[in-house]
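Presented below is the structure to which this report refers.
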Amino acid sequence: MAAIGSSPIEPMMIRVFKESSELEVWKRTSSGQYALLKTYPICKWSGALGPKIQEGDYQSPEGFYDVTPALMNPKSTYFLSFNVGFPNKFDQAWGRTGSYLMIHGDCKSVGCYAMTDDGIKELYAMVRESFRGGNRSVQLQLLPFRMTEANLARHAASPHVPFWRNLKEGTDIFDRTLQLPAVDVCEKRYVFNRTGAAPLDPNGTCPVAPLSTMAAL
């Protein structure tokens, strides 16, 4: 971590890519931006590309989630684990169901993202130390693949393309700024870096973004 200008107590973000079975750990650095710390192989995930819809579909979720200290599970049946926070506000707006969706060890998955025991040991420790630094959550970006136009074109026949394009709005912000996007939900879709402090109604109308000075001219 010192090599990228970070430390264990700094905020972190986790990115998962289903198609390539990769998990990335990003840490905030002394510059205020995030840098890639390490990439881990995912031992196993369940289902196919696309979001989790209902309990028992054996599908690993996709979307933007927040891991909080309450979701840490040091006494997991699968060595160590933390809950991804499914169903989140977006999932609930769509009536999606599921429980105990985890990132854990033991290389077995029935809807979770399973790591090797050595991998989850490192990952769990990094999340724990980030919380010890006073950070209230760790953002998870659970993605079908790297969100490029080429990859979306390869999967153009999928019914999930509109959902994936919505995810891409958030990943593009991070890729461009190396800052975590603020995430909320309205009109049953993710919205990012909106102005205003009050949480949005996930089924309600999205507020109109204020015109910029240039747009007003």
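The values are calculated or read from the model by the stated rules, or taken from the named source; none is laboratory data. Keep in mind that what you see is a predicted model, and the values were worked out from it rather than measured. Positions of Cβ are backbone-derived with ideal geometry, glycine not excepted, and every protein chain shown enters the neighbour counts. Remember, those area values only see protein heavy atoms, side chains included, never the ligands or the DNA or RNA. Shrake-Rupley method; radii C 1.70, N 1.55, O 1.52, S 1.80 Å.
Worth pointing out:
- Computed over the alpha-carbon pairs of the chain, the distance histogram in 10 Å steps reads 8, 32, 38, 18, 3, 1, 0 percent, short to long.
- Computed log₁₀ I(q)/I(0) - Debye formula, equal Cα scatterers, no solvent, region 16-73, q 0.16, 0.21 Å⁻¹: -0.69, -1.03
- Top of Met115, Met12, Met126 by mean-square fluctuation, Gaussian network on the chain, Cα under 10 Å: Met126
- Those Cys residues of the chain for which no other cysteine Cβ falls under 4.7 Å: Cys112
- Applying 1/(1 + (r/R0)^6) with R0 = 30 Å to the Cβ-Cβ distance of Arg132 and Val110 gives a FRET efficiency near 0.45.
- Charge tally in the Cβ shell below 12 Å around Pro162, where Lys, Arg are +1 and Asp, Glu are -1, Pro162 excluded: +3
- Rg over Rh for region 57-96 works out to 1.02, both radii taken from alpha-carbon positions and Rh defined as the Kirkwood radius.
- Net charge of Cβ neighbours under 13 Å - reference Lys89; Lys, Arg +1; Asp, Glu -1: -2
- Computed over region 1-97, Cα set: Rg, Dmax in Å: 15.2, 44
- The three principal axes of the Cα atoms in region 79-168 give end-to-end lengths of 41, 27, 27 Å, sorted in falling order.
- FRET E, pair Arg176, Cys206, Förster distance 25 Å, beta-carbon r, rounded to 0.05: 0.70
- Cys206 sits with roughly 30 Å² accessible to a 1.4 Å probe, with DNA, RNA and ligands left out of the calculation.
- Take region 96-217 with all the other protein chains still there, run a 1.4 Å probe, and you get 53 Å² of accessible area per residue.
- A simple charge model with +1 on the Cβ of Lys and Arg, -1 on the Cβ of Asp and Glu and nothing else charged puts the dipole of the chain at about 120 debye relative to its Cα centre.
- Scaled against the 2.2 N^0.38 Å expected of a compact globular protein of N residues, the Cα radius of gyration of region 134-177 reads 1.34.
- Net +/- balance of residues flanking Cys186 in space, Cβ distance below 15 Å, scoring K and R +1, D and E -1: -1
- Accessible carbon and sulfur surface of region 22-131 relative to its total accessible area, %, 1.4 Å: 53 percent
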